[in-house]
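Only one structure is covered here, and it is reproduced in the block below.
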Amino acid sequence: MPELPEVETARRGIAPHVVGQQIRQIIVRDRRLRWPLSKRLEKQLAGQSVRALRRRGKYLVFELATTEMIVHLGMSGNLRFLVTPLPAGKHDHVDWVFTNGTLRYNDPRRFGCILLTKHADNHPLLRNLGPEPFSDSFTADYLYSTCAGRRVAIKQHLMNANIVVGVGNIYANEALFRAGIHPRRAAGRISKARLELLVEGVREVLTAAIAQGGTTLRDFVGSDGNPGYFRISLDVYERAGLACKRCDNAIKRIVLGQRATYFCAGCQR
Ligand SMILES: [Zn+2]
């Protein structure tokens, strides 16, 4: 599933090709995404220029002349910018045709979405999202205030997009290991000093993933191959039974909130 680092990498790869460019034509081959594509999409978008391309959580927001377009990649979506035209494949559902190339949306499972709205930040999908993990609002003080009195497991709290966006399962596991916090610990029973380590841990793992994404950037603009999601070097995720890199205890696996959860009982409390 595309997570924040993949979406940010897609944004960085696509933006130089589309910002300042005019959409000449939209080709829709299948309207059945998570929500059916508006029948007016083609008409509303044709002729509009892309003023900016920003990211909010896992949503891409194309700022156009008179509207904003929200794109979410769902479970299996990807965007590629084709400098030279390629015949559309089975799951290539939408093309935005520019003078300098074509932006193509591919999504085998069709859980993604493409929506037009006046102000994306006010859209129901985006308006209740928590702060961006790299923003000045995501601090230990902030996290501490959201945890106060909460008995929910810190890992589930951290993965709640209303608290902070972009911390998917892999990153939550890895950030908690770095901070030395047990994933099942009640959110309200963690000191501010330890939450400070968690804030740092979240930023470190996301930074590492985005940095690694930079090396695969060309995949998002190339004419061949799949984008392929990238992974950081992992300390605990999918390492059940293997030795902890810090203390040699075996990494444990539990299921928490229906998600695979990995931790070291020696290092995390
Ligand atoms: Zn350990």
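Here the condition is being within 20 Å of the chain's Cα centre (by Cα) and among the polar types (S, T, N, Q); of Asn106, Asn100, it holds for Asn106 alone. Scanning the range 35-75 for residues that are over 21 Å from Gln22 (Cβ atoms) and aliphatic (A, V, I, L, M) yields Leu73, Met75. With respect to being of a type in the set (Val, Ile, Thr) and closer than 26 Å to Ile254 by Cβ, Ile114 falls outside the description.
How many residues are assigned to a loop (DSSP other than H, G, I, E, B), on the phi < 0 side of the Ramachandran plot and surrounded by 12 or more Cβ atoms within 10 Å (Cβ to Cβ) when one looks only at the range 243-268? So the count comes out to 10. Has the range 126-134 got at least one residue that is touching a strand residue (DSSP E or B) at 6+ places or on another chain (Cβ under 6 Å) and at pLDDT 95 or above? There is at least one residue in the range 126-134 that is touching a strand residue (DSSP E or B) at 6+ places or on another chain (Cβ under 6 Å) and at pLDDT 95 or above. Criterion applied to Leu60, Leu79, Leu53 was being in a strand (DSSP E or B) and in contact with a His (Cβ under 9 Å, 6 or more places away or on another chain), and the one residue passing it is Leu60.
Taken together, Thr139, Thr84, Thr117 contain a single residue that is β-branched (Val, Ile, Thr) and closer than 30 Å to Arg189 by Cα, which is Thr139.
Residue-wise test of (1) free of Cβ contacts under 8 Å to residues at least 40 places away in the same chain; (2) within 22 Å of Asp235 (Cβ to Cβ); (3) part of a loop (DSSP other than H, G, I, E, B).
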position	(1), (2), (3)
Pro133	no, yes, yes
Tyr142	yes, no, no
Thr146	no, no, no
Arg150	yes, no, yes
Ala175	yes, yes, no
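Scanning the range 42-59 for residues that are without any contact (Cβ under 8 Å) to a residue 40 or more places away in the chain and touching a Lys or Arg at 6+ places or on another chain (Cβ under 8 Å) yields a count of 2. Condition test on Asp248, is it more than 21 Å from Glu8 (Cα to Cα) and at pLDDT below 95? So Asp248 passes the test. Val97 passes every criterion in (1) surrounded by 20 or more Cβ atoms within 10 Å (Cβ to Cβ); (2) not in a loop (DSSP other than H, G, I, E, B) apart from (1). Among the residues of the range 69-113, the ones that are charged (D, E, K, R) and on the phi > 0 side of the Ramachandran plot come to 1 in all. The residue of the range 180-200 that is nearest to the chain's Cα centre (by Cα), among those that are touching a residue at least 40 places away in the same chain (Cβ under 8 Å) and assigned to a helix (DSSP H, G or I), is Val199.
The values are calculated or read from the model by the stated rules, or taken from the named source; none is laboratory data. Just so it is clear, the model here is predicted, and its values are computed rather than measured. Backbone-built Cβ (ideal geometry, glycine too); neighbour counts: all protein chains shown.
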